[in-house]
Amino acid sequence: MSTEAASPHDEHEGDHHAHPKWLAHHFETPAQQFDADKLGMWAFLVQELLFFSGLFVAYGVFRSWYPQTFIACSHQLDKIMGGTNTVVLLFSSLTAALAVRSAQVGNKKATGRFLLITIACACAFLVIKYFEYSHKIHSGLLPGYWYAPHDIHGDKPLPPNGHAFFSIYFMMTGVHGIHVAVGIGVLLWIWARNRRGDFSKEYFTPVDLVALYWHLVDLVWIYLFPLLYLI
Amino acid sequence: MRLDPPTFQLPIQAAEGAAEIDGLYYFVYWFSVIFFVAIVGAMFYFVWAYRRRKGVKAEPTKDLTKLELFWTITPLIFITYLFHVSFAVYIKNSTVAEGAMEIRVRGKKWAWEFEYPTGSREPGVLYLPVGKPTKLILSSEDVLHSFYVPAFRAKRDAVPGVYSHIALTPTVKGEYQVFCAEYCGTSHSGMLAKVYVVSEEEYAKHLDDIDKPPPGQTPAEWGKTLFEKSGCPTCHSRDGSRLVGPSLKGVAGTMQPIAGGPPAMADENYLRESILRPQAKIVEGYTQQQMPPFVFKEPQLDAMIAYLKTLK
Amino acid sequence: MASHSNSKHEGGGHGGHGGHHDDGAVHAHISSVPFYIFIFAMLLVFTVITVGQSYVDLGKMNLLVVILIATCKASLVVTFFMHLKHDNRFNALMFVSGLLFIGVFFTYTMNDTERRGEIDETSAVWVLPKTGEHAPGGLDVKVQEERRAKMVKEHAGHGAAGAGGHEAPHGDHHPAPGVTTEQRH
Amino acid sequence: MATVATSPEHHDAHGDPNASFLDVAKGPMSWIVTLDHKRIGIMYLISVTVAFALGGIFALLVRAELFTAGKTLMDADTYNRMFSLHGVVMVFLFIIPSIPAAMGNIILPIQLGAKDVAFPRLNLMSLYIYIFGACFGLYSMVHGGVDTGWTFYTPYSSSDPACGQLTPCGPPGVGSPSAVIPMTLSAFIMGFSSILTGVNFLATIHKMRAPGITWRRLSLFTWSLYATSVIQILATPVLAITLLLLTMERFAGLGIFDARRGGDPGLFPHCVWFSSHPAVYIMIVPGMGVVSELIGTFSRRDIVGYMFIAMSSLGLALLGFLVWGHHLFVAGMSEYATMVFSALTFLVAIPSGVKIFNWVATLYKGSISLQTPMLWALGFIFLFTIGGLTGLFLGMLAVDVHLHDTYFVVAHFHYVMVGGTVMGFFGGLQDWWPKFTGKMYDEKKGVAGWALVFLGFNVTFLTQFVLGSRGMPRRYYDYLPEFQQLHQISTVGSWILGLGFLILFWNFAESLMKGPRAPRNPWGSAALEWQTPSPPPLFNFVKDPVVNRGPYEYHLATDAELDEGMADLDAELAKANGADPVKKTEPAKSEPAEKAEPAKSKGDEGDDEEKS
């Protein structure tokens, strides 16, 4: 959510101390803009939660209908990779929070550094995810029509309705993965803006908002990991 | 029980519970009429009585909390009552009586098929003995359908993969219309059937008659009846025009191009297979096959095939 | 012309200004670096606990425990990393009500899917209890298995088919949780 | 409305700082990249009007086909596409964005005394997302259309008979062969437009209010948009994920909604209606907000039970999330769930009733003028009362079993959606038209259009109640001969309805081309948006407003404030009749110096509050 909606005309050029450049024309004070931006972002995060909720409901219904299937299929997932990814995401959440802190105290260099670490973690997450996915594809553990398990862990064959588990697995992690990818995009954008010197002690809203988004991505994963890998 | 003839608003009451449902309907109906006249009447009166006049100002609004609470709480009591009575009737109507006769109802695109406790199947027509508690067990071969008999005030979705039921006791002899009330595709509006509520004797006689051709009919004539009752004409024309499925005009005894296979001779075996297992061979150009399998007893199948052979 | 003397309603406008933002500048809470690291350490500890727990079978409690641990982690992230503790109360309210609505969605839907067919033994069942007949239009295990076997065969270099594990139909007619064999046919 | 200059900025930028937002920049580019909420609103308005016309044509075709039993105009497949597209277009392309995104965009910031919405760029992005989504819808329409109904019930929508061509699936599906995927993607994408608009409005209402606009001084339209935003944020994402799952189900056979793949067809309606039932309130609540404005303006009286109406909007928004199960009463839902949902469904009657009672009570001892917008408001009360009362029939479980999926339901929701939302939409459009465009329209044509719409609507849909209670199921291409008479009456009604809308559009077009210039406040309203020039300047107000009373506190408004506009209108009309249309833009009218006595009026208000 971009917040620095510039006024359509640059009529505030000469008006700097009362109305700084980063303060959009339709706001009276920085606090008003900050609060509005924060509120908007939280509203957006709430809709993100609701967006994921459909998947969780589908998970809940089928988990309850086919518990054995879910447990059997869940054992096909790699706990170590999933756990590593959890740690990577948690760590990126920490660095995102620290990036915001640096921006709040006006440390531009540190902000940039923390943002880069966050981006690196996000990329690492996707790389690990790629290895997980390719393993699933290799074993035919795929959603819907493509579900044809072979070359699986353990002796017991997987149940025939296992495609439901893998459908939900791929939908959940896929939608989450898209969020991670989008997160990398906005983090890069914020990093570039930070380099350009857009932010200051007084104005760090975009860093804050993007970090909020990133924490939400983390938050969703915190639930996905145990529900999919650890049951 | 009280039985009303069909009224302007509601069809005839032909099952137990219908009168109660209608009672609720008319109760709310008259409540609504009175409420509506009062509200809209007041509105028109105010608009006329307080039309804008020069020099006359609107009176400032006073605080009316008590009135507000009144018209918040009174309806609350009313709707609680409505909920209570309607739920009681609903549960009563969905509860199956002890020892009810079980009849299977299968919905498929786009016909209803009924199976009696004897195992005899009949498409498009359902005979029910009057006064006998009955349980219809619904199922669907393909998509959602909904079994709806207005005269019984009964409706329930037939859901693929799951059974559901309707409990009813027909009370008035007669012929009643069955609709499909859940949208199910092209010929949704053609997915009709008839219910005949008859005496025990007539019902027993009908069951006897199902598996043999009606007296005085040739097998082909009986086949025609079955063909129409099974809903076949909704997809297969008999005049050569193309509907959802191939036209059956002149099919019997000719070579048919088969999608993804060698052409096949449409002999008796072919026709039999096409009815029982429609997916086995699909005529070229009809890759989007939609036909569900049909189940017939041998004499019925023979009659159908005899009829198909007459379509030249 | 209205004057500014309307002190009674001042502060009501610009709802965003709130009491403590009178100077119009942004006053955000800043936590210390060690504190953030402490929170991260807590999160790591919880992660280790939850992974460790997964090697111990607690039966039906498994799900409950993992969700509890995840919720602890999530609350740490929301409260401290996302600053909800020091944020505008309304934002917290929105977040919590969002969760509340998810709860409504979840419980009401499960309320249906878990309790169907209580009124009659033939209602909302996959298999008729008397005849053992499967409802038409449902999962056709045989077709699925054949297709899968074919796909696996086509998959070059992999002979080991994992398919074929479907158990015989049984009389279990209600989609209740905890059924041992789950094929709906 | 009293205003004081608090910040003299902006006044030095353009040649004429007070030029109307329509004149401030010219050329298509100035529209395409505009961040001005009013221009974005106008673009929305044009889009939804086009969508309304398109959906209306589909509706007329559906009704025409039903003029006789059997084939009248088209075959069954085409008919099924017509009613599905009518639903899809009307719901996703017209009703949902109509009042909030189009009218709300223009009016909301002005009513808040703000210069713009909180996030102008996001606002423009929402518009483009909407248009992008609409393109998918159009793509679907030209590539076979959709014949699933707008609810896309599975497994009909999710199993593709052409399956196996793209994906390695099993036996071909039993469902719809039409272009479902582009249409669900279309609704998926447009959902985000709706969500972002909701986010934007929520932040705007919370943070952008001018000094003096307290929560108790918000207009009821704003309150309704507030409630709508809450629903948009909470409900629409669920619809989005549901449609995404449906798309994937059809494309990849996920096995979530399709019984043949082990899924539950009953889960889909849960997901759809958890989000789409609240969406019904996205459609109706803003309409109620408009009607509250109209009733206040045209009876010149403070709305009775202001807080009750405001809270009932929020109440509807919240209740909307608790009642979705009534769409599944005959779908085989658990009896326990039917009980809960039936009980909760009835609760919807309370906030709806509260609104109607308060509106009628507001008329009492008002000073009512029956201009066109007021006619729409009265029409709304008339029709919505019928729509609401027939909801009682459908809430009663036992009766619903008979009426479910019949024309009774069709009539019921058209009384709510058309009798409610469309009445509200056109009422608002006729009310705010002078503010949007700076032009007046012909009152006679307006009344004629209203009368035909009102009459045609009742003829069309009153008959459908009877059709439904007699047992005519909905979505039927063909029907039994006994229903023919009523169907024909209904179809004739649809022609009257269509004619009414034609007259309305003609009136608007004529107004745009040669309508007399609108004064600042043609209706003599006390609401804030009428205290700024018509059309408003780029930043909405000549001077930043400070508000000292609510939008309906007519007893606190001065005569000058209320009647100046009327006098202006008379003068304008006289000029227009004198064939001397004035070309120059409205001069920056400095607000009339007022002698309102805020201190005293405050005291009065305080007294009122204490008395309670």
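Just so you know, all these numbers are worked out from the coordinates, no wet-lab data involved. Keep in mind that this is a model prediction, so the values were computed, not measured. Cβ sites come from the backbone with ideal geometry, for glycine too, and all protein chains shown count toward neighbours.
What relative contact order, as a whole-number percentage, does region B:101-210 give when Cα pairs under 8 Å and 6 or more residues apart are counted?
On the way: 277 pairs, mean separation 33.1, N = 110.
Over region B:101-210, the number comes to 30 percent.
Kindly provide the trypsin sites (Lys or Arg not before Pro) of region A:149-227 that DSSP labels as loop, not H, G, I, E or B, and whose Cβ sees at most 14 other Cβ atoms within 10 Å.
Numbers: sites: A:Arg193, A:Arg195, A:Arg196, A:Lys201; in loops: A:Lys201.
In loop regions of region A:149-227 (DSSP not H, G, I, E or B), the sparsely surrounded trypsin sites (Lys or Arg not before Pro) are A:Lys201.
Using Cα atoms only, what is the angle between the long axis of helix D:484-514 and the major principal axis of chain D, expressed in degrees (0 to 90) to the nearest 10?
The helix D:484-514 is inclined about 30 degrees to chain D.
Only Cα pairs under 8 Å and at least 6 apart count here; give the relative contact order of chain A as a rounded whole percent. The partial results should precede the final answer.
On the way: 233 pairs, mean separation 63.0, N = 231.
Averaging sequence separation for qualifying contacts and normalising by length gives 27 percent for chain A.
Specify, per residue and in Å³, the volume enclosed by the convex hull of the alpha carbon atoms belonging to region D:97-204.
Numbers: hull volume 12.2 nm³, N = 108.
Taking only Cα atoms, region D:97-204 has a hull volume of 113 Å³ per residue.
Taking N as the number of residues in region D:181-231, what is its alpha-carbon radius of gyration divided by 2.2 N^0.38 Å?
1.46
Under a point-charge model restricted to the Cβ atoms of Lys and Arg (+1) and Asp and Glu (-1), what is the dipole moment magnitude of chain A relative to its Cα centre, in debye to the nearest 20?
Details: 15 positive and 17 negative charges, 158 e Å.
Dipole size: approximately 760 debye.
Hey, what did chain B get for relative contact order, percent, Cα under 8 Å, at least 6 apart? Mind dumping the intermediate values first?
Numbers: 526 pairs, mean separation 46.3, N = 312.
Value for chain B: 15 percent.
Rounded, prolate or oblate: which one fits the protein assembly as shown, using the alpha carbon gyration tensor with axes a ≥ b ≥ c (rounded when a/c is under 1.5, else prolate when a/b beats b/c, else oblate)? Present the calculation step by step, with values, prior to reporting the outcome.
Values: a/c = 2.01, a/b = 1.32, b/c = 1.53.
Note, shape of the protein assembly as shown comes out oblate.
To the nearest 10 degrees, how steeply does helix D:598-611 sit against the main Cα axis of chain D, on a 0 to 90 scale?
50 degrees
With +1 assigned to the C-beta of every Lys and Arg and -1 to the C-beta of every Asp and Glu, and no other charges, what is the dipole magnitude of the protein assembly as shown about the Cα centre in debye, to the nearest 20? Present the calculation step by step, with values, prior to reporting the outcome.
Working: 102 positive and 113 negative charges, 190 e Å.
Dipole of the protein assembly as shown, to the nearest 20 debye: 920 debye.
Can you name the helices of chain A, as whole DSSP H runs, whose Cα span along the helix axis is 30 Å or more and whose Kyte-Doolittle mean is not below 0.5?
Counting only whole DSSP H runs, the qualifying helices are A:30-65, A:79-105, A:108-138, A:162-196, A:205-229.
For B:Glu141, what charge total do you get from the other residues with a beta carbon under 15 Å from its beta carbon, if Lys and Arg give +1 and Asp and Glu give -1? Don't skip to the end; give the middle numbers.
Values: positive: B:Arg104, B:Arg106, B:Lys108, B:Lys109, B:Arg121, B:Arg277, D:Arg260; negative: B:Glu113, B:Glu115, B:Asp142, B:Asp157, B:Glu182, C:Glu133, C:Asp140, D:Asp258.
Result for the neighbourhood of B:Glu141: -1.
For chain B, set up a GNM with springs between Cα atoms under 10 Å and report which of B:Phe227, B:Phe35, B:Phe179 has the largest fluctuation.
B:Phe35
Springs between alpha-carbon pairs under 10 angstrom, Gaussian network model over chain B: which of B:Glu59, B:Glu228, B:Glu202 fluctuates most?
Maximum among the listed residues: B:Glu59.
When the helix-only estimate is applied to the protein assembly as shown (DSSP H runs of n ≥ 4, each -39,500 (n - 2.57), divided by the residue count), what is the mean residue ellipticity at 222 nm, nearest 500 deg cm²/dmol? If you can, show how the numbers build up before the last one.
Working: 35 runs with 705 residues, N = 1340.
My calculation for the protein assembly as shown gives -18000 deg cm²/dmol from helical runs alone.
What's the average, rounded to a whole number, of partner chain beta-carbon atoms within 10 Å of each residue's beta-carbon in B:52-60?
Across B:52-60, the average partner-chain Cβ count within 10 Å equals 6.
Mind jotting down a quarter of the surface of the convex hull over the alpha carbons of region A:180-220, in square nanometres, one decimal?
Values: hull surface 10.9 nm².
The directionally averaged projection comes out at 2.7 nm².
Viscosity 0.890 mPa s, temperature 25 °C: give me the Stokes-Einstein translational D for region B:219-310 in µm²/s, with Rh taken as the Kirkwood radius over C-alpha pairs. Walk me through the intermediate numbers first.
Working: Rh = 13.2 Å.
The diffusion coefficient I find is 186 µm²/s.
P(r) tail for region B:101-210, what percent of Cα pairs lie past 20 Å? Don't jump to the answer; show the numbers that get you there.
Values: 1927 of 5995 pairs.
More than 20 Å apart: 32 percent of the Cα pairs in region B:101-210.
Answer with one residue from A:Met81, A:Val210, A:Ile137: the one whose Cα lies farthest towards the positive end of the charge dipole of region A:48-229, charges on Cβ with Lys, Arg +1 and Asp, Glu -1.
Going by the Cα projections, it comes out as A:Val210.
Find which of D:Pro120, D:Leu93, D:Gly149 sits farthest along the positive direction of the dipole of region D:70-228, computed with +1 on the beta-carbon of Lys and Arg, -1 on that of Asp and Glu, about the Cα centre.
D:Pro120
Quick one, what does Rg over Rh come out to for chain D if you take C-alpha atoms and the Kirkwood Rh? Each step should come with its number before you reach the end.
On the way: Rg = 24.7 Å, Rh = 25.1 Å.
Here the Rg-to-Rh quotient is 0.98.
Beyond 27 Å, how much of the Cα-Cα pair distribution for chain B remains, as a whole percent? Working shown, then result.
Details: 27484 of 48516 pairs.
Pairs farther apart than 27 Å: 57 percent.
What whole-number distance in Å separates the alpha-carbon centres of region D:207-223 and region B:43-106?
Between the Cα centre of region D:207-223 and that of region B:43-106, the gap is 31 Å.
Given Cα positions, please report Rg to Rh for chain A, the hydrodynamic radius being the Kirkwood one.
Numbers: Rg = 21.5 Å, Rh = 19.6 Å.
So for chain A, dividing Rg by the Kirkwood Rh gives 1.10.
Just to confirm the number: angle between the C-alpha axis of helix D:443-469 and the first principal axis of chain D, 0 to 90 degrees, nearest 10?
30 degrees
If you filter region B:1-95 for trypsin sites (Lys or Arg not before Pro), then keep DSSP loop positions with at most 10 other Cβ within 10 Å, what is left?
Details: sites: B:Arg2, B:Arg51, B:Arg52, B:Arg53, B:Lys54, B:Lys57, B:Lys62, B:Lys66, B:Lys92; in loops: B:Arg2, B:Arg52, B:Arg53, B:Lys54, B:Lys57, B:Lys62.
Those that pass, being in a loop and sparsely packed, are B:Arg2, B:Arg53, B:Lys54.
Which chymotrypsin sites (Phe, Trp or Tyr not before Pro) does region C:30-97 hold that lie in a coil by DSSP with at most 14 other beta carbons within 10 Å? Kindly include the intermediate steps, with their values, before the conclusion.
Values: sites: C:Phe35, C:Tyr36, C:Phe38, C:Phe40, C:Phe46, C:Tyr55, C:Phe80, C:Phe81, C:Phe90, C:Phe95; in loops: C:Tyr55.
Loop-located and lightly packed - C:Tyr55.
Cβ under 15 Å from A:His75's Cβ, A:His75 left aside: what net charge do those residues give with Lys, Arg +1 and Asp, Glu -1? The partial results should precede the final answer.
Details: positive: A:Arg63, A:Lys79, A:Lys136, A:Lys156; negative: A:Asp78, A:Glu132, A:Asp151, A:Asp155, C:Asp57.
Around A:His75, the charge tally is -1.
Enter the mean number of other protein chain beta carbons within 10 Å of the beta carbon of each residue in B:20-26, as an integer. Walk me through the numbers before you get to the answer.
Values: counts 2, 8, 4, 2, 6, 7, 0.
Counting other chains' Cβ atoms within 10 Å and averaging over B:20-26 gives 4.
Between region D:468-525 and region D:298-345, what is the separation of their alpha carbon centroids in Å?
28 Å
Any idea what the dipole of region B:219-310 comes to, in debye rounded to 20, about its Cα centre with Lys/Arg Cβ at +1 and Asp/Glu Cβ at -1? Let's see the in-between values first.
Details: 10 positive and 9 negative charges, 33 e Å.
For this selection, approximately 160 debye.
Roughly how crowded by other chains is peptide C:96-103, in terms of the mean Cβ count from those chains within 10 Å of each of its Cβ atoms?
For peptide C:96-103, the averaged partner shielding equals 6.
Under a GNM of chain B (C-alpha, springs under 10 Å), which listed residue has the highest mean-square fluctuation: B:Gln217, B:Gln177, B:Gln300?
B:Gln217
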